[in-house]
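Beneath this line is the structure, given in structure tokens, with notes to follow.
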Amino acid sequence: MLLFRASLRRIPGSHAFRCGALGAEVGCPAVACIVVSGASGEFGPTLVKFLIRRGDKVAALGSPRSAERLRGLQVELGTNSLAIPMDATSLAEWKSALERVEQVLAPPSGAALLAGGWEGGHPFHESDDAIWQRMFTVNLETARRSLQALLPAMIRRGAGSIVVMGSQVVERPWKGAGAAAYTAAKSAVVALARAVAAEVASKGIRVNAVMPSVIDTAANRAAMPKADPKRWVSGESLAETIGFLLSDAAKDISGAALAVYGQSG
């Protein structure tokens, strides 16, 4: 498996980044319209706000139960954003949402697929089928439906960039002990993204994955009060990394699985 590790630092007052892995500065021009699924989750708003600040139009998609939070996010961000509550496992709802995005904002030229979830705490042999099904539904099925919905129009336009959310457990499956179903689902998500990347590369479409370790969110701090969050990945850093992959600065990067581990090594 080809993996990349990079350290990205934003250059103040610009859309450029200093990439530690490349030892150079690269410009990251804004993408016209980016769809973000899972926008109402713990990390989602951080990415949406980052993209809006750099000049993108953003469609923030989230589950129907998060409709109020999505509306609040749209009010905060203004006219360059659009909030759409929807079921990310429904192809019909995806098609309806993308039609609305194109009408209100612009044809999507990029997407960050954050929708997913974690469940664990028991050894695999003690877990029931319901956990397995939930992990594959919220992680793999959402990614599958998202790609099915987004790719046809991008292929017709001959351009597009998609980033899917993996996890460190893809490269470090032992970190997923006690959450085998989640580990298997996230591994499948990254494998799917890389296979699709090979299929659409000649069409001008790029598909990449990020594999973060623990993200520094309020929920994770509450769940792990004894851990040192300084060793985790900051939300802003992960947003910058995803923003880079979505940008033209990463035009020659596709099929990559980018390890974003912070200080966890």
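Here, each number is a calculation from the coordinates, and none is a lab measurement. Remember, it's a predicted structure, so these values are computed and weren't measured experimentally. Every residue, glycine among them, receives a Cβ derived from its backbone with ideal geometry; neighbour counts consider all protein chains shown.
Across the options M165, G176, I131, the greatest Cα extent toward the positive end of the charge dipole of region 121-265 (unit charges at beta carbon of Lys, Arg, Asp, Glu) belongs to M165.
Neighbouring Cβ atoms within 10 Å as the yardstick, rank T79, T142, T241, T183 fewest first. Mind dumping the intermediate values first?
Numbers: T79 9, T142 27, T241 21, T183 24.
Ordered by Cβ neighbours within 10 Å, fewest first: T79, T241, T183, T142.
When DSSP assigns beta bridges and you keep just the ones with both residues in the chain, what percent turn out antiparallel, to the nearest 5? Provide the component values of the computation, followed by the final result.
Numbers: 7 of 39 bridges.
Within the chain, antiparallel bridges account for around 20 percent of the total.
Under 5 Å from the amide H of S234 lie the amide H atoms of D216, each residue being 5 or more positions distant or on a separate chain, with H modelled from the backbone and absent for Pro and chain starts. Sequentially through region 242-250, phi angles give Karplus couplings (6.51, -1.76, 1.60; θ = phi - 60°) of 5, x, 4, 5, 6, 8, 5, 5, 9 Hz, Gly and Pro residues having no value and appearing as x. Where the alpha-carbon atoms of region 221-265 are placed on the principal axes, they occupy 41, 18, 14 Å, in descending order.
What's the longest uninterrupted piece of the chain once you rule out the trypsin sites (Lys or Arg not before Pro) that are loop residues per DSSP with at most 16 other Cβ within 10 Å? Provide the component values of the computation, followed by the final result.
Values: sites that count: K226, K251.
My reading of the result: 1-225 is the longest stretch.
In percent, rounded to a whole number, the relative contact order of region 93-252 is 24, using alpha-carbon pairs under 8 Å and six or more apart. Each residue of region 75-82 was assigned a 3J(HN,Hα) from its phi angle through the Karplus expression (A = 6.51, B = -1.76, C = 1.60, θ = phi - 60°), giving 4, 5, 8, x, 6, 7, 10, 9 Hz with x at Gly and Pro. Amide H contacts under 5 Å for S161: G110, A111, R206, restricted to partners 5 or more places along the chain or on a different chain, H placed in the peptide plane at 1.01 Å from N.
Only Cα pairs within less than 10 Å get springs; with that Gaussian network setup on the chain, which residue of P107, P225, P123 has the largest fluctuation? Largest GNM mean-square fluctuation: P225. Taking mean projected area of the Cα convex hull in nm² as calculated from this structure, the corresponding entry among (1) 15.5; (2) 17.0; (3) 13.7 is (3). Taking other Cβ atoms within 10 Å as a rough exposure proxy, S109, S81 sort from fewest to most as S109, S81. Sequentially through region 113-123, phi angles give Karplus couplings (6.51, -1.76, 1.60; θ = phi - 60°) of 9, 9, 4, x, x, 10, 8, x, x, 9, x Hz, Gly and Pro residues having no value and appearing as x. Inter-part distance, region 206-250 to region 28-106, computed on C-alpha centroids, equals 19 Å.
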